[in-house]
Amino acid sequence: MSDFYQNGVITNFHNLTQRSVESLEKEMVRFARKRKMGLILPSLFSELEGPALDNIVNELAKVPYLDEIVIGLDRADRDQFLFAREFFSRLPQRHRILWNDGPRLKALDAELDKEGLSPSQPGKGRNVWFCTGYTLASDRTQCVALHDCDIVTYERSMLARLLYPLANPAFQYEFCKGFYARVADGKLNGRVGRLLVGPLLRSLQKVYGHSEYLDYLTSFRYPLSGEFAMRTHVLNGIKIPGDWGLEIGVLSEIYRNYTTRQTCQVEIADNYDHKHQPLAEEDGTGGLKRMSNDIVQSLLRKLATMGVPLTSDSFRVLKATYYRNALDMMEIYNHEATMNGLKFDQHIEEAAVEMFTQAILDAGQSFIERPNEKPFIPSWSRVQSAFPDILQRIYQAVEEDNEGKV
């Protein structure tokens, strides 16, 4: 079953969750003869010590259609990298680990940095960027998926559903986004998506006027999901943020480079849960506070490139409009939780809305104070124009880390 959203923005696939994983994988093996498939896993070393990634690797070891798995490993010293090599060795598919803190990749990063072509800060965006570079260099796949390494409820069927619209040779989609209900432990999760992004997109339309771009973002059931897939050649031309705005940034780049007919979303799970972020860390930073600021800035930067006039006065109006919309949505979620027998803590929900409201003002102020900030990591097409052999050098460095002495 599928449908189109208002104005035919993107195709929305439902109910693939009704098919067995065996049925899906049988088709995927057949598709793989024409469209080779890969997977990118951005990971912190700390995730190798938790139960989620161990289960993910066990599930992936059963997947019969993947040609390559590329693992980005952050915050790992030499002994931890060697541990990671052993940890992932159970994967029967060809797999490579990018030791992002190792001397070979750090040397390449320093060389790129001299030309202003390196990610400006560590984090998921930087990790994903180097993984996409290796994927392009390896040139073994026609479509590639990406998902996080902290999914507690992971099943390999999620990957098959995510890749299916791209792998099927009869389809011509370039990009696929995963979605799912955020319900676990008897309560609604996904506060940033429910209470920030949804009300904010509606508020942006009210304050700055109708926008096809905002219509496009609103059509995604869960724009912040870390699960998406694309044709591999797409990786060469997109610019991604290096911060928590990664998911919104990727959607924005797909909107810029491809038609909406080439974009779809698919329901990949009935049940989904992962590690939850606190509202803020003990020092008052990080957590959902930093995430929300990065997401708002990502949206503001995109609107600015489209000619939308963003001023301090308009941010104050946006803040007030968002706050009212968010409280209205919170009431609806309260009703939804009640109807489904779920817990709903109004105090915690309102505290999140108040923090998100402040994040809108903070993000707007940062946007105005740093107009020359480079928000995106350069595309690989640009990097290759400055360093024609960079992909080959990344490939060689990763091969030496994985197969040689470190």
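Cut-off under 13 Å on the C-alpha distance; same-chain residues fewer than 8 positions from Lys34 excluded. Which aspartates and glutamates are left, in chain and number order? The qualifying aspartates and glutamates are Asp67.
For Lys187, the lysines whose Cα falls under 26 Å of its own Cα, not counting residues fewer than eight places away in the same chain, are Lys177, Lys275, Lys289, Lys343. On the basis of the beta-carbon distance and an R0 of 30 Å, Ser366 and Lys106 show a calculated FRET efficiency of 0.55. Our note on the geometry: Cα centres of segment 90-117 and segment 188-209, 36 Å apart. Packing here is the average count of other Cβ atoms within 10 Å per residue, and on that basis the peptides 165-172, 251-258, highest first, run 251-258, 165-172.
Projecting label points 7 angstrom from Cα along Cα→Cβ for Lys26 and Arg75 puts them 4.4 nm apart.
Near the amide H of Ile10, within less than 5 Å, lie the amide hydrogens of Tyr5, all on another chain or at least 5 residues away, with H placed in the peptide plane.
Between Glu373 and Lys405, the C-beta separation translates, for a Förster distance of 41 Å, into a calculated FRET efficiency of about 0.55. Take every DSSP beta bridge whose two residues both sit in the chain, then give the antiparallel share in percent to the nearest 5. Of the beta bridges lying entirely in the chain, close to 35 percent run antiparallel. Normalising the average separation of contacting C-alpha pairs (under 8 angstrom, six or more residues apart) by the number of residues puts the relative contact order of segment 70-226 at 17 percent.
The residue among Pro42, Ser298, Asn257 whose Cα reaches farthest toward the positive pole of the charge dipole of the chain, with charges on the beta-carbon of Lys, Arg, Asp and Glu, is Asn257. Between Thr153 and His347, the modelled labels are 2.7 nm apart [label points 7 Å from Cα along Cα→Cβ].
The residue list Phe356, Ser379, Tyr323 was ranked by how far each Cα lies along the charge dipole of segment 304-398 toward its positive end, using unit charges on Cβ atoms, and Ser379 comes out on top.
The local environment of Tyr395, defined by Cβ-Cβ distances under 14 Å, has a net charge of -2 under the rule Lys, Arg +1 and Asp, Glu -1. Helical runs assigned H by DSSP (4 residues or longer) give the chain a calculated mean residue ellipticity at 222 nm of -15000 deg cm²/dmol, each run adding -39500 (n - 2.57) before division by the residue total.
Just going by the charge dipole of the chain, with Lys and Arg at +1 and Asp and Glu at -1 on Cβ, which of Pro51, Gly123, Val266 is farthest out on the positive end? Checking the options against the dipole of the chain, the answer is Val266. Please determine, in degrees from 0 to 90 and to the nearest 10, the orientation of helix 103-114 with respect to the longest principal axis defined by the Cα atoms of the chain, where the helix direction is its Cα long axis. With rounding to tens, the tilt is 50 degrees. Axis of helix 346-369 versus longest Cα principal axis of the chain: the two differ by about 80°, to the nearest ten degrees.
Given a Förster radius of 60 Å and the C-beta distance between Lys62 and Asp313 as r, what FRET efficiency does 1/(1 + (r/R0)^6) yield to the nearest 0.05? Taking R0 as 60 Å, the efficiency between Lys62 and Asp313 is 0.60. Mean sequence separation of contacting Cα pairs (under 8 Å, at least six apart), scaled by the length of the chain, corresponds to a relative contact order of 22 percent. For the chain, the longest principal axis of the C-alpha atoms and the axis of helix 287-305 are separated by about 80°. Taking amide H atoms as placed 1.01 Å from N in the peptide plane, the amide H of Lys187 lies under 5 Å from those of Lys343, each 5 or more residues away in sequence or on another chain. The alpha-carbon of Lys405 sits under 18 angstrom from the alpha-carbons of these aspartates and glutamates, leaving out residues fewer than 8 places away in its chain: Asp77, Asp79, Glu86, Asp101. Label zone of Thr259 (point 7 Å out along Cα→Cβ, amide N under 15 Å): in segment 129-151 this covers no residue at all. Its relative contact order, with pairs defined as Cα atoms under 8 Å and 6+ residues apart, puts segment 186-266 at 24 percent.
Here, each number is a calculation from the coordinates, and none is a lab measurement. It should be emphasised that the depicted structure is a prediction, and the values quoted were computed from it without experimental measurement. All Cβ positions, glycine included, derive from the backbone under ideal geometry; neighbour counts span all protein chains shown.
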